[in-house]
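*Asks:* Okay, handing you the structure first.
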Amino acid sequence: TLLAGLAAAPVARPAEATEPPPAATSAEAPARGAPLPPLRALPPPPAAASGASGAIDPVAATRAYLDELSPGAKARSDAYFEGGYWLLLWDFLVGAAFSLLLLGTGLSARMRDLAERRIRWRALQPAGYWAQFAVLGALATLPYTIYRDHLREHRYGLSNLTLGGFLGEQAKGLLVEVLLGGVAAVILYAVVRRVGRAWWAWGTAATIGIALVVELIAPVLIVPLFNAPRRLADARVTAPILSLARANGIAANEVWEIDASRQSTRVSANVSGLLGTERITLNDNLLRRCSLEEIEAVMGHELGHAVLQHVEVELLELGLVILLGFRLVAALFERLRARREATWGVRGIADPAGLPLVTLLFSAYMLLMTPVVNGISRVAEAQADVFGLNAARQPDGFARATLLLSEYRKLEPGPLEEAIFYDHPSGRTRILAAMRWKAEHPETWSRAAPPR
């Protein structure tokens with residue numbers, strides 16, 4: 001689970017290529033001299049959020065925004081998001097069944113033996129095992145993956161892929177997973193062999209290092225495999241974003257766009273990369289479906305992640321979670337292995353054939369740690385929300401963008417529900433933060449915020 005997560009996580013993160021893409025064709029951009037398409041206008045705020053009465057009650061303004069969502073749309077959003085709670089359990093059960101199948105049939109040991117016969121260099125044998133593990137896992141769980149990531153997404157109108165296109169994306173993702181996961185397996189098993197019983201501590205450090213490398217290379221090597229990035233040339237969009245970046249200490253001269261609409265209807269943006277690979281990227285759904293005020297609000301949030309160094313901070317915080325998980329695996333692995341050694345054929349923690357057991361134990365631990373991991377992310381997202389409000393000064397744009405996210409995020413959970421299952425603040429919480437900010441800034445009570 002850990003190796004697969006490290007390998008596959010960047011796939012969904014939009015970024016851009018290192019080389020400039022070809023010049024846009026007439027199908028991609030307006031011809032020189034042709035008028036640019038009009039940007040979507042920001043709808044006026046609800047009366048309770050307008051400030052027309054001379055004051056804004058944040059709670060009433062939030063309620064007014066939330067009430068703009070129709071009952072049917074709210075029911076659909078709630079059903080989609082609440083179904084995700086069950087998917088957490090099903091993801092674990094499907095993975096656990098696969099791990100137990102490999103161990104109980106002795107197939108895992110035979111996969112190790114095959115890797116040892118075909119690869120003479122011991123250091124690379126874990127990569128040979130991992131390749132078999134990843135491919136067999138993808139094939140064994142393919143029906144479940146098709147339901148979860150294709151049929152269910154189409155049912156809620158969130159996917160633009162045909163089944164053939166979806167399978168093609170899965171194949172590319174599997175290739176990335178095999179390659180990056182293979183490198184991670186070689187490094188982690190080398191650490192285990194070298195340090196012995198203290199592997200859980202050194203393995204945590206190696207895992208954080210691997211994750212940083214993946215974050216570094218994702219914008220320039222991985223994301224272009226899935227989407228075609230190009231420089232965004234519309235100064236109406238790029239000028240305020242670049243001004244916002246420079247004003248907050250981010251040296252940026254370009255904004256990039258990716259064609260996420262070929263896969264999904266979701267709006268998205270990010271500031272990704274590290275140590276020179278940083279890129280400001282937004283997807284074409286955001287451009288097509290949002291007003292400039294909404295785009296600025298979203299990008300203010302994303303720039304907040306970069307300024308506040310949330311990638312580095314969250315990796316350190318998650319490192320503590322991983323450290324505890326690895327320690328738990330170290331405590332339980334040998335006890336379970338010794339009882340089933342004759343059936344499983346696993347020699348020890350340094351044996352790649354034990355990876356299914358490591359995966360089973362670690363994934364069970366991570367399922368229990370869901371509230372903790374989500375809480376770490378939710379705090380960072382809330383900080384980025386406040387940063388974005390102060391930087392972009394678009395509270396109504398932020399509220400409108402939050403309503404748009406309701407297509408796949410439940411807006412009004414209960415307090416316990418939000419604490420356990422939400423890796424972002426709920427829509428209600430985010431709009432309330434925007435309305436609190438707006439209430440304290442009367443100069444933004446007109447439809448458009450004043451120039452920064």
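The values are calculated or read from the model by the stated rules, or taken from the named source; none is laboratory data. Treat the numbers as computed from the prediction; the structure is a model and nothing was measured. We place every Cβ from the backbone using ideal geometry, glycine too, and count neighbours over all the protein chains shown. Note: accessible area is taken over every heavy atom of the protein model, side chains too, but ligands, DNA and RNA are not part of it. Shrake-Rupley method; radii C 1.70, N 1.55, O 1.52, S 1.80 Å.
*Asks:* Taking every DSSP beta bridge that has both residues in the chain, what percent is antiparallel when rounded to the nearest 5?
*Replies:* 65 percent
*Asks:* A follow-up question, please. Given a 1.4 Å probe, how much area per residue of the chain is accessible, in Å²?
*Replies:* Details: 21170 Å² over 452 residues.
Normalised by residue count, the accessible surface of the chain is 47 Å².
*Asks:* Another one. Please report the relative contact order for the range 239-331, taking Cα pairs under 8 Å with a sequence separation of at least 6, and give it as a percent rounded to a whole number. Before the final figure, lay out each step's value.
*Replies:* Working: 86 pairs, mean separation 22.8, N = 93.
Once normalised by length, the contact order is 25 percent.
*Asks:* Among TRP200, TRP121, what's the order by accessible area (1.4 angstrom probe), most exposed first? Each step should come with its number before you reach the end.
*Replies:* Values: TRP200 65, TRP121 170 Å².
The most accessible residue leads, giving TRP121, TRP200.
*Asks:* Only helical DSSP H runs with n ≥ 4 go in: add -39500 (n - 2.57) per run for the chain, normalise by residue count and round the 222 nm mean residue ellipticity to 500 deg cm²/dmol. Walk me through the intermediate numbers first.
*Replies:* Working: 19 runs with 275 residues, N = 452.
The helix-only estimate for the chain comes to -20000 deg cm²/dmol at 222 nm.
*Asks:* Using the alpha-carbon centroid of each, what span in Å lies between the range 277-349 and the range 161-177?
*Replies:* Rounded to whole Å, the Cα centres lie 22 Å apart.
*Asks:* Could you state the per residue volume, in Å³, of the convex hull enclosing the Cα atoms of the range 222-279?
*Replies:* Numbers: hull volume 5.6 nm³, N = 58.
Roughly 97 Å³ of hull volume per residue.
*Asks:* Can you give the Rg/Rh ratio of the range 110-267, where Rg is from the C-alpha atoms and Rh is the Kirkwood radius? List each step's numbers first, then the result.
*Replies:* Details: Rg = 20.5 Å, Rh = 19.1 Å.
Here Rg/Rh amounts to 1.08.
*Asks:* When Lys and Arg each count +1 and Asp and Glu each count -1, what net charge do the other residues less than 13 Å away from ILE208, Cβ to Cβ, add up to? Kindly include the intermediate steps, with their values, before the conclusion.
*Replies:* Working: positive: none; negative: GLU215, GLU312, GLU314, GLU317.
Taking every other residue near ILE208 into account, the sum is -4.
*Asks:* LYS74: which lysines have alpha carbons under 22 Å from its alpha carbon, excluding same-chain residues fewer than 8 sequence positions away?
*Replies:* List returned: LYS410.
*Asks:* Percent relative contact order of the range 102-196, based on C-alpha pairs within less than 8 angstrom and at least six residues apart? Show your work: numbers first, answer last.
*Replies:* Details: 47 pairs, mean separation 34.3, N = 95.
This gives 36 percent for the range 102-196.
*Asks:* Kyte-Doolittle cut-off -0.5, length cut-off 30 Å along the helix's own axis using Cα: show which whole DSSP H helices in the chain pass. Kindly include the intermediate steps, with their values, before the conclusion.
*Replies:* Numbers: long enough: 71-104 (49 Å, 0.69); 163-195 (46 Å, 1.32); 310-339 (43 Å, 1.02); 370-392 (32 Å, 0.48).
Flagged H segments are 71-104, 163-195, 310-339, 370-392.
*Asks:* Here's another thing I want to ask about it. Given Cα pairs under 8 Å that are at least 6 residues apart, what percent is the relative contact order of the chain?
*Replies:* Reported as a whole number, the value is 26 percent.
*Asks:* Set the Förster radius R0 to 56 Å, insert the Cβ-Cβ distance between LEU142 and ASP57 as r into 1/(1 + (r/R0)^6), and round the FRET efficiency to 0.05.
*Replies:* Details: r = 52 Å, r/R0 = 0.92.
FRET efficiency, LEU142 to ASP57: 0.60.
*Asks:* Where does the range 340-452 land on Rg(C-alpha)/(2.2 N^0.38 Å)? Provide the component values of the computation, followed by the final result.
*Replies:* On the way: Rg = 21.9 Å, N = 113, 2.2 N^0.38 = 13.3 Å.
Output field value: 1.65.
*Asks:* Take the alpha carbon atoms of the chain, find their radius of gyration, then divide it by 2.2 N^0.38 Å using N residues; give the quotient.
*Replies:* On the way: Rg = 23.8 Å, N = 452, 2.2 N^0.38 = 22.5 Å.
This ratio for the chain stands at 1.06.
*Asks:* Also, quick follow-up: Quantify, in whole percent, the carbon and sulfur part of the accessible surface of the chain (1.4 Å probe; protein heavy atoms only). Mind showing how you got there, number by number?
*Replies:* Values: 13530 of 21170 Å².
The computed percentage sits at 64.
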